[in-house]
Structures are given as structure tokens and as C-alpha cells.
Amino acid sequence: MKKKVKQQISGFSEIEQEIRILRKQAPDRSVEKGQVSRIIERLHPRKLNLAVSEIREETASAKTFRLVSGDHYLPPFLAGQYINLFLDVNGIRTSRPYSISSSPGQTAYYDITLRRVKNGFFSNYLMDEVKTGDGFQSTSPAGYFHHNPLFHGKDLVFLAGGSGITPFMSMIREVTDKGMDRRIHLIYGSQQEDDIIFSQELSERASRHVNLSVTHVITAPSSSYAGHTGFITGEVIRSALGNQGLTEKMFYLCGPEAMYGFVLSNLEKLGVPKRRIRIEIFGPPADITAHPGWPEQITKADRFQIRLKNGRVFEAAAGEPLMNSLERNNITLETSCRSGVCSLCRTKLLSGKVFHPAGAQIRKSDRKYGYIHPCMAYPLEDLELLI
Ligand SMILES: Cc1cc2nc3c(=O)[nH]c(=O)nc-3n(C[C@H](O)[C@H](O)[C@H](O)COP(=O)(O)OP(=O)(O)OC[C@H]3O[C@@H](n4cnc5c(N)ncnc54)[C@H](O)[C@@H]3O)c2cc1C
């Protein structure tokens with residue numbers, strides 16, 4: 001019966017015939033078994049052993065860590081990609097992603113540049129405790145926030161806020177060092193003038209390369225500051241870029257979560273189509289309860305029970321990503337982006353309800369079959385997980 005049905009499919013017998021010939025005539029691929037996976041493993045190892053070779057102070061609250069390989073090899077990356085660093089912080093095995101700020105043309109090291117987050121668990125540890133010579137593990141470079149020559153064109157607008165400058169710095173360094181045929185307009189929002197990361201290098205590169213322009217926007221300027229102030233508004237964008245061709249440019253947006261809604265609505269007012277905007281979200285929202293869609297009756301401090309397959313039960317606060325609570329209880333999941341995108345931490349939810357903020361890219365099939373991304377999932381009820 002099955003065979004009869006297959007015969008009805010147009011082209012079935014021709015394909016069957018081809019498979020028969022291939023089986024007889026084609027080279028024996030089993031001889032090369034493992035070769036491809038060996039090349040992939042070399043190009044994209046799952047884990048890298050890194051050591052800090054240099055630490056540079058960029059501003060009072062930002063530092064660059066130069067990381068070299070402990071294995072004599074760093075995989076290539078695309079400007080805009082990140083690595084996820086693993087560390088034991090106060091006895092908890094955890095990780096945070098950081099965009100590579102150096103150029104992909106530099107194959108001897110990755111630079112990461114981070115800003116201290118107030119009461120931040122990981123950033124403060126890195127800023128205060130990590131010293132030259134210290135070693136740790138990371139994932140291979142990953143992420144989709146990079147230029148795509150087929151679809152993005154050559155006229156690029158980078159909208160950066162605070163530490164969100166890092167993926168752009170990698171792209172700017174690559175384009176200007178290699179003399180690539182691309183035009184870059186950077187519009188960079190910082191709190192105060194002395195918070196601007198890479199300030200001197202940006203102005204030097206802009207003065208040497210006609211295809212790079214830099215516009216700063218300062219939220220809390222000093223009395224002598226004469227440039228743009230406030231936030232990155234449509235007006236600032238228009239005054240930096242002019243009115244012409246706005247809808248043909250490619251806009252990239254990276255910075256604190258609070259910046260997205262504001263800048264996106266301004267881009268929309270300027271008529272920039274969604275397909276011309278690329279976004280990198282730098283981790284979980286500062287206050288999830290302020291996020292659209294969060295149920296009013298649940299507060300940050302509410303706690304719910306998390307039950308695992310082996311019967312173990314512990315508590316998790318509603319106001320923080322579930323992954324933090326898992327790690328605090330010695331459960332380390334595979335993870336790379338910690339922003340609901342890479343889906344490495346995908347976990348089956350057996351019962352209960354979680355909140356995924358907009359920006360977490362949960363697939364339709366995940367929703368249908370009850371999978372959550374704990375790095376961007378907040379418990380709203382007691383949960384039972386297949387872990
Ligand atoms: C792809 C990507 C690239 C990034 N690149 C950079 C970069 O180049 N430079 C840079 O400085 N940063 C970067 N980040 C951000 C970085 O990964 C960290 O999120 C940042 O350093 C803060 O980490 P932290 O542990 O200090 O803060 P956390 O302690 O993790 O706090 C950050 C947020 O997590 C939530 N949270 C965590 N713990 C709790 C808790 N106990 N209770 C309530 N809420 C909690 C809160 O919403 C808080 O605002 C990037 C993030 C992503 C996703």
C-alpha cells in the first residue's frame with residue numbers, strides 16, 4: 001500500500017533509480033567519516049580556554065579585557081558577534097555574554113569591553129576581581145548582529161547606547177582598518193561626556209576616514225557641552241543624516257533595554273521599515289514588572305516553587321530570570337546569548353506559567369509543545385521542569 005502511494009508521487013521512481021546508481025557507483029563516504037565534524041570542531045569549538053593578557057581602563061566605569069587563547073587558537077568571528085564567559089562568582093557557576101569589541105582582523109586576541117552595572121553580579125566581579133593572567137572559559141563567537149552584505153547594503157547607521165558601542169566598535173575598526181566600501185554613521189548616546197567609551201579613537205578614526213561620521217548625544221551634559229543632548233530622537237537622527245534616503249539605510253540598534261522602545265518608535269515615525277532595523281538586546285530588562293504584558297498582581301519579590309524531575313524543590317523569585325535561580329541551585333544549563341535568542345537553554349515546562357518578555361525569540365513550536373528559555377523566562381506560578 002505504502003509503495004503504491006509513493007509511486008503516485010511525480011518523480012519518485014526517477015529518484016529511486018538515482019539512489020540505486022549512487023549506492024553502487026559513488027565513493028565510499030564512510031572512509032571520510034568524522035572529517036567534517038573535525039573541521040567544524042576546529043573552526044567552532046564548543047568551549048574556548050581564554051586568559052586575560054591586558055586590562056585597559058576606558059572610562060571610570062568601563063574596562064577592556066584583552067583575551068588570548070590558552071589553546072593557541074582563536075576561532076574567526078564576524079564583527080558584531082559575542083562570546084559568553086563562564087565564571088564561578090561567589091561559588092555560583094554562571095555566565096554572561098559580551099560582544100567582541102576588537103576587529104575580526106586581529107586574530108591573536110578578542111577584546112571585550114564592559115561597563116559596571118549597579119549591583120550587577122557578574123560585571124562587578126569582572127571589574128574588581130579579574131586580573132591579568134587569570135583564565136576562564138567561554139563559548140565560541142556567536143550571534144546574528146553582524147553585517148550581511150547581501151541584504152544590508154553599504155550605507156549603515158549605528159545607534160548605540162552606553163556599553164552598546166562594543167559590537168559597533170568591532171565593525172568600525174574592521175571597516176576602517178581594511179578600507180572596506182561601506183559608509184557608517186554612528187549616533188552614540190552616553191550619560192555624560194566622560195562616559196563615552198572609545199571617545200578618542202572614534203574621533204581619530206572619523207577624522208581619518210571620510211566614510212565614518214560620529215554624532216554624540218549626551219543625556220546629562222556639563223554646562224560647556226555644545227552638542228546634542230537628551231536621547232537619540234528622530235530629530236537627532238535627521239539632523240545627523242539629513243532627510244534623504246533614510247528608508248534605504250540599514251539601522252543597527254544596541255544598548256540598554258530601556259532604549260529600544262523609545263528609539264524604535266522614533267525610527268517608525270521617520271518611516272524606516274522594520275526590515276531595515278537590526279537589534280541586539282543586552283540581556284534581561286532592568287525591571288521586568290515594568291514590561292508590557294507583565295501581570296499587575298505579581299510583584300518582583302513574589303516567590304514560586306520550582307520542582308525538578310528528580311523531586312528536588314527550590315524557590316525562585318518572579319522578578320529575575322529563571323536561569324539565575326537554577327544556577328544558584330547548582331543547575332547549569334547550556335547557554336550562549338542569555339537573552340532568549342540562541343535557544344540553547346530550551347527546557348520543557350511540565351506545568352505552571354512563565355513570562356517571556358518581547359525580544360525573547362520563542363519559536364512557535366516551542367510555545368506549542370511547552371518549551372521555555374529560562375534565560376528570559378520569569379516564573380508566574382509554581383513550575384515543574386523536565387530537568
Ligand atoms: C549579546 C549580548 C552582548 C553583550 N555585550 C556586552 C558588552 O559588550 N558590554 C557590556 O558591558 N555588557 C554586555 N552585555 C550585557 C552583559 O551580558 C551583562 O548582562 C551585564 O554585564 C550585566 O551583568 P551583571 O551580572 O553585572 O548584572 P546582573 O546581576 O545579571 O543584572 C542584570 C539584569 O539581570 C536581572 N537580574 C539578575 N539578577 C537578578 C536578581 N537577583 N534579581 C532581580 N533581577 C536580576 C536584572 O534585570 C538586572 O538588571 C551583553 C549582553 C548580551 C545579551
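The values are calculated or read from the model by the stated rules, or taken from the named source; none is laboratory data. These figures come from a predicted structure and were not determined experimentally. All Cβ positions, even for glycine, are placed from backbone atoms using ideal geometry, and neighbour counts span all protein chains on display.
Can you work out which of the residues in region 275-321 that are assigned to a helix (DSSP H, G or I) and in contact (Cβ under 8 Å) with a residue 12 or more places away in the chain is surrounded by the fewest Cβ atoms within 10 Å (Cβ to Cβ)? Walk me through how you get there before you give the answer.
Looking only at region 275-321, we keep the residues that are assigned to a helix (DSSP H, G or I), and these are 275-276, 288-290.
Right, trim to in contact (Cβ under 8 Å) with a residue 12 or more places away in the chain and you get 276, 288-289.
Working: ARG276: 19, ILE288: 19, THR289: 17.
The residue in question is THR289.
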Query - Single residue of region 155-207 satisfying the filter (touching a Gly at 6+ places or on another chain (Cβ under 8 Å) and over 19 Å from THR113 (Cα atoms)) that is surrounded by the most Cβ atoms within 10 Å (Cβ to Cβ) - result: ASP155
Requested in this report: Output the residue which, of all residues in region 304-356 that are over 19 Å from ILE83 (Cα atoms), within 16 Å of the ligand (Cβ to nearest atom) and β-branched (Val, Ile, Thr), is farthest from the chain's Cα centre (by Cα).
Outcome: ILE306
Requested in this report: Pull up region 265-283, narrow it to residues that are over 14 Å from ILE187 (Cα atoms) and of a type in the set (A, V, I, L, M, F, W, C), then point me to the one that is farthest from the ligand (Cβ to nearest atom).
Outcome: LEU270
**Report entry** Qualifying position, being within 26 Å of ARG42 (Cα to Cα), surrounded by fewer than 16 Cβ atoms within 10 Å (Cβ to Cβ) and within 13 Å of the ligand (Cβ to nearest atom), among TYR98, TYR110, TYR144
**Finding:** TYR144
**Report entry** Odd one out for PHE12, checked against (1) of a type outside the set (D, E, K, R); (2) farther than 30 Å from ILE281 by Cα; (3) exposed (fewer than 11 other Cβ atoms within 10 Å of the Cβ)
**Finding:** (3)
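For (1) free of Cβ contacts under 8 Å to residues at least 40 places away in the same chain; (2) crowded, with 17+ Cβ neighbours inside 10 Å; (3) in a strand (DSSP E or B); (4) not assigned by TED's automatic domain parsing to the domain that holds ARG307, each residue gets a yes or a no:
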| residue | (1), (2), (3), (4) |
| --- | --- |
| MET323 | no, yes, no, no |
| LEU326 | no, yes, no, no |
| ASN330 | no, no, no, no |
| SER336 | no, yes, no, no |
| SER339 | no, yes, no, no |
| SER343 | yes, yes, no, no |
| LYS348 | yes, no, yes, no |
| PRO357 | no, yes, no, no |
| ALA360 | yes, yes, no, no |
Query - Residue in region 128-137 that is within 13 Å of the ligand (Cβ to nearest atom), surrounded by fewer than 16 Cβ atoms within 10 Å (Cβ to Cβ) and not small (Gly, Ala, Ser) present - result: yes
